[in-house]
Amino acid sequence: MDKAKDVLTTGQVAKICNVAPRTVSKWFDTGQLRGYRIPGSKDRRIPVAQLIRFMKAHGIPLNGLDGGLVKVLIIDKNPELARTLAQQMQNDGRYEAQIAEGGFDAGLIAEQFRPQIILVDIMIEDIDIKKVSAIIRQNPELQDTRIIAVTGHLTEGEIQALLQQGFDNCIERPLEITKIVDCIDETLSVMH
């Protein structure tokens, strides 16, 4: 995938949001829209994940964004369930979903696909959940990726332990599309 597409100029953001470039510069300079400046230049760059977060927070329709789709990686040991879930998410019209059945697949796919959300079944045998979150957190390309643990019934203490291990949220089975969409929206709206 083209790395440049993950970072936008103020001009590109202006087109997407249907505003003047100086408006985008103002959002950036006041800290409302997070990004960075090119070293040695005044040029600003805005990561797509930050733009999506900003657009959602301010009720700006995502359809101006290149498809406006939130990328979701589903890591699940049940390929049938994962495919059904991915299909439901894509039918929703707001998501692009890919599937991985194990830790090795997940690492390769995450590297190329660069999802904003990873839904991971924490019961998969070949996945060390502590390693999953550590690997994602250490990868600068995935710093804006949010990890949601898919679990059975957990106690409040078990949920807190997952959050301390680097997960951003938890969702219990059975997975229903409305529950997942709510969980993803909640997870993406929480800014770190």
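Among the numbered criteria (1) loosely packed, with under 15 Cβ neighbours inside 10 Å; (2) under 21 Å from residue 188 (Cα atoms), which single criterion is violated by residue 102?
So residue 102 meets the others, but not (2).
Here are 145, 155, 151, 187: which of them is touching a residue at least 12 places away in the same chain (Cβ under 8 Å), of a type outside the set (A, V, I, L, M) and more than 23 Å from residue 53 (Cβ to Cβ)?
Selected residue: 151, the only one of 145, 155, 151, 187 that is touching a residue at least 12 places away in the same chain (Cβ under 8 Å), of a type outside the set (A, V, I, L, M) and more than 23 Å from residue 53 (Cβ to Cβ).
Please go through segment 27-58 and give me each residue that is part of a loop (DSSP other than H, G, I, E, B), among the polar types (S, T, N, Q) and at pLDDT below 90, ordered by number.
Matches in segment 27-58: 41 only.
List the pairs whose first member sits in segment 32-51 and is within 13 Å of residue 16 (Cβ to Cβ), whose second member is among the aromatic types (Phe, Trp, Tyr) and surrounded by 11 or more Cβ atoms within 10 Å (Cβ to Cβ), and whose Cβ atoms are under 6 Å apart, counting only residues at least 6 apart or on separate chains?
Here the result reads 33/27; 33/54, each pair linking segment 32-51 to a residue that is among the aromatic types (Phe, Trp, Tyr) and surrounded by 11 or more Cβ atoms within 10 Å (Cβ to Cβ).
For residue 83, indicate whether it is in a helix (DSSP H, G or I), open to solvent by 50 Å² or more (accessible area, probe 1.4 Å) and at pLDDT below 85.
In short, no.
Just the residues that are of a type in the set (Val, Ile, Thr) and in contact with a Pro (Cβ under 7 Å, 6 or more places away or on another chain), please, taken from segment 115-149.
If we filter segment 115-149 for residues that are of a type in the set (Val, Ile, Thr), which is where we start, we get 117-118, 120, 122, 124, 127, 129, 132, 135-136, 145, 147-148.
Result: 145, single match.
Restricting to segment 147-192, name every residue that is modelled with pLDDT of 90 or more and charged (D, E, K, R).
Within segment 147-192, just 168 meets the criteria.
The values are calculated or read from the model by the stated rules, or taken from the named source; none is laboratory data. These figures come from a predicted structure and were not determined experimentally. Don't worry about glycine lacking a Cβ; one is built from the backbone with ideal geometry, like all the others, and counts go over all protein chains shown. The protein model used for the area step is the full one, side chains on, heavy atoms only, and it has no ligands, DNA or RNA in it. Shrake-Rupley method; radii C 1.70, N 1.55, O 1.52, S 1.80 Å.
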